[in-house]
Amino acid sequence: MSGATLERGMNAFREQMNAPIASFFSSCVNCGMCAEACLFYTETDDPKYTPINKLEPFRRVWEQEYTIWGKVKSMLGLTKPVTDELLAEWEELIYDGCTLCGRCSMVCPVGNDISYMIRRAREGFVAAGYAPEGIKGASRRAITIGSPMGVKYPALAAQIKHVEADTGLTIPVDVEGADYMALLSSMEIMNFPEYLEALARIFKQAGVSWTISSKAFEATNSGIQIGSSDIARELVSRVVSEAEKLKVKYVISPECGHAYTAIRWEGPNLIGRPYNFKVVHILELLDELRATGRIKTEGTEDDRLTFHDPCQIVRKGGVLEQPRNLLEMVTSDYVDMTDSREMNWCCGGGGGVSANERAEELRIKVFKRKKSQLDELNVDTLVTACANCRLIIEEGLEEYRMEMPVVGLTEMIAEHLVEDKE
Amino acid sequence: MSTPTDFLLWVRGPGFDIALVIFIIGVIIRLLEVLVLGRKPDQAEPRGGELGPGLRTVVTRTLPETGSFKRAPFTVIGGYIWHIGFFISLFLFVPHIELINATLGLIWPGIPSNLVDAVAAVTIVTLIAMLFSRLSHPVKRYLSGPEDYLTWLVTFLPMLTGYLAYHRMIDPYPLVLGLHILSVELLMVVFPFTKLMHAFTFIIARWYNGAMAGRRGVQS
């Protein structure tokens, strides 16, 4: 992030240009349909939040440098250049006004994957020095301390001790040759230690050989959010080298949306090679344990429940049916939201928005979308599988004075787990 | 080009040839500009295939997603009507088929001229309504620049002049027919340099969208 200049930004934009991006820009006819899929437009009615508009600086680079006609127009002075002023103005749109949720990519009539474009355009913004202070700070802490929230291993060790005392179980740390290495998000360590306890109990019961690494336990990746491949690569590399050192067969991505995108989909491309291990999302693993009969549950939740699909796990991650299979085990009155699965609406805090204090007012405003989805259903409890969504939704519910517990799916499964008594 | 007949002869002869060359070469260059950029091979272990989901998205994206359709029905329905009307007028009007047969040797059955006439009238009215929508809808007005209005105009003019020529509403006939052909040539010349290119590139865009989602196990 040091030495950021417009020139570096332009180079980063150029590095991100490829055939998909060029086909998307070539195809846009400004029909405006993407706006209707974006909560930042539907909840504000401000057309500047139209998804494709957030890409205007990147579009100019494409037109002026990657089309012959655009080059001619530039020579004749008929195009507008990309300037510091332009990037400064657009910074708010591309960071505060987009969670990379990818809903727009599902509705564009010509097929533009707009969130893919925004993820790439952020590379140019951050290289030119135009990224929100909040996400810059989180990235800095992730690189220097090892966690965007500044959580160091002693904090995790303390939580481990608590959980061990509460459950009488041992949480394996730095065990070489374990099958699974579990990652955690800082938010789970600090705000939702129930997750760690749930893992310990479920894995004990299912006989899963697992470990936590004291050196690479952090799953989140601020580099993905700010749009810096350099930062993202460094953070992914820490996990990869530790997983390969411990010779694990699998790395488990926790209940965190963008962590899954980072380690599962972007990671191998960032380090330039496939891993020597597989990455599974915790819900994939739990569903496998369920399907193979290694975990059983008893009793069901009496509450009327719904599930908030975290964008990066479901729409952008492909973990669609597993949460439903798991919910079916432990609920008796489950109902899907009107727009669910790959068409679910974002909580409003993904893609780095929750780390960006400046965006808070806007984030609360667009939460109205989730609120109206919930109002429609008349449910008692909301279940989700992303610590970030969970915190954002809790804040939103409080802001709009809605009383509703928000629960993580893994811990809900653990609550109903049939455990052998020793 | 002192008389309407001379004008008609020019637009049917050299004028058409020039426009056709610009159109074909322009479209090929624009498609190459996109495709030569390529993309890096994806190193992440795939959950699903690319080809099947990619091709499926090329087809399925023709239908709108329910929620956004409800929010913007006019854009969707208007879009369908004028696109379909435009293609019916272009490819199912018997004199057009005869022209294509004479130049390319391809032939297919047309539909009665009075039916094409009705379709053309609906298309023209819809195109005008779409223009009003672009000028008045907050999102579309905000997004639109000169190119959006230029592409509207060069799409609209062939429909309008074709309608005028069919009904012989301008005298003499060679003049209005010549204007019709000229407007088509204008469309062909503008086509490769503007977003009209979406008529070709949408297939590439939809394929990438579907393929990239398909790899992750999602049908987009």
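The values are calculated or read from the model by the stated rules, or taken from the named source; none is laboratory data. For clarity, every value in this text was computed on a predicted model and none was experimentally measured. Methodologically, a virtual Cβ is constructed for each residue, glycine included, from the backbone with ideal geometry; neighbour enumeration extends over all protein chains shown.
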Among the listed residues B:27, B:76, which satisfies the condition of being surrounded by 13 or more Cβ atoms within 10 Å (Cβ to Cβ), at the interface with chain A (Cβ under 10 Å from one of its Cβ atoms), touching a residue at least 12 places away in the same chain (Cβ under 8 Å) and not in a loop (DSSP other than H, G, I, E, B)? B:76
For the range A:164-196, how many residues meet the condition of being buried (at least 22 other Cβ atoms within 10 Å of the Cβ) and either of a type in the set (S, T, N, Q) or assigned to a helix (DSSP H, G or I) (or both)? 7
Unmet requirement for residue A:338, which otherwise passes all of (1) of a type in the set (Val, Ile, Thr); (2) modelled with pLDDT of 95 or more; (3) part of a loop (DSSP other than H, G, I, E, B): (2)
Got at least one residue in the range A:287-302 being assigned to a loop (DSSP other than H, G, I, E, B), of a type in the set (S, T, N, Q) and free of Cβ contacts under 8 Å to residues at least 24 places away in the same chain? yes
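For residue B:197, are the conditions met, namely being in contact (Cβ under 8 Å) with a residue 24 or more places away in the chain, more than 10 Å from every other protein chain (Cβ to nearest Cβ) and buried (at least 20 other Cβ atoms within 10 Å of the Cβ)? It would help to see each step written out before you state the result.
Details: in contact (Cβ under 8 Å) with a residue 24 or more places away in the chain: yes; more than 10 Å from every other protein chain (Cβ to nearest Cβ): no; buried (at least 20 other Cβ atoms within 10 Å of the Cβ): yes.
It is false that residue B:197 is in contact (Cβ under 8 Å) with a residue 24 or more places away in the chain, more than 10 Å from every other protein chain (Cβ to nearest Cβ) and buried (at least 20 other Cβ atoms within 10 Å of the Cβ).
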Looking only at the range B:131-160, filter to residues that are among the β-branched types (Val, Ile, Thr) and within 25 Å of residue B:88 (Cβ to Cβ); which one of those is nearest to the other protein chains (Cβ to nearest Cβ)? B:151
Over the range B:143-162, the set of residues surrounded by 16 or more Cβ atoms within 10 Å (Cβ to Cβ), assigned to a helix (DSSP H, G or I) and more than 14 Å from the chain's Cα centre (by Cα) is B:143, B:160, B:161, B:162
If I filter the range B:209-220 down to residues being buried (at least 24 other Cβ atoms within 10 Å of the Cβ) and not hydrophobic (A, V, I, L, M, F, W, C), which single residue comes out as farthest from the other protein chains (Cβ to nearest Cβ)? B:214
Any idea how many residues of the range B:30-73 are among the charged types (D, E, K, R) and either touching a Leu at 6+ places or on another chain (Cβ under 6 Å) or more than 8 Å from chain A (Cβ to nearest Cβ) (or both)? 3
Residues of the range A:259-279 being within 14 Å of chain B (Cβ to nearest Cβ), under 24 Å from residue A:342 (Cα atoms) and surrounded by 20 or more Cβ atoms within 10 Å (Cβ to Cβ), in sequence order, are A:260, A:261, A:262, A:263, A:264, A:265, A:266, A:267, A:279
Within the range A:45-94, helices (runs of 4 or more DSSP H) holding 3 or more residues that are in contact (Cβ under 8 Å) with a residue 24 or more places away in the chain and more than 14 Å from chain B (Cβ to nearest Cβ): A:84-91
Residue in the range B:93-101 that is touching a Phe, Trp or Tyr at 6+ places or on another chain (Cβ under 9 Å), of a type in the set (Phe, Trp, Tyr) and surrounded by 14 or more Cβ atoms within 10 Å (Cβ to Cβ) present: yes
Taking the criterion of being without any contact (Cβ under 8 Å) to a residue 40 or more places away in the chain and of a type in the set (A, V, I, L, M, F, W, C), would at least one residue in the range A:349-356 satisfy it? no
Within the range A:1-24, restricting to residues that are under 25 Å from the mean Cα position of the chain (by Cα), outside any loop (DSSP other than H, G, I, E, B) and under 21 Å from residue A:86 (Cα atoms), the one that is farthest from the other protein chains (Cβ to nearest Cβ) is A:9
Taking the conditions exactly as written (at pLDDT 95 or above and surrounded by 22 or more Cβ atoms within 10 Å (Cβ to Cβ)), does residue A:305 satisfy them or not? yes
Conditions (1) part of a helix (DSSP H, G or I); (2) within 28 Å of residue A:332 (Cβ to Cβ); number of the one not met by residue A:404: (1)
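Could you list, in sequence order, all residues of the range A:25-44 that are of a type outside the set (Val, Ile, Thr) and part of a helix (DSSP H, G or I)?
Passing the criteria: A:25, A:26, A:27, A:33, A:34, A:35, A:36, A:39, A:40, A:41.
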Filter result (among the aromatic types (Phe, Trp, Tyr) and over 19 Å from residue B:108 (Cβ atoms)) within the range B:73-92: B:74, B:80, B:82
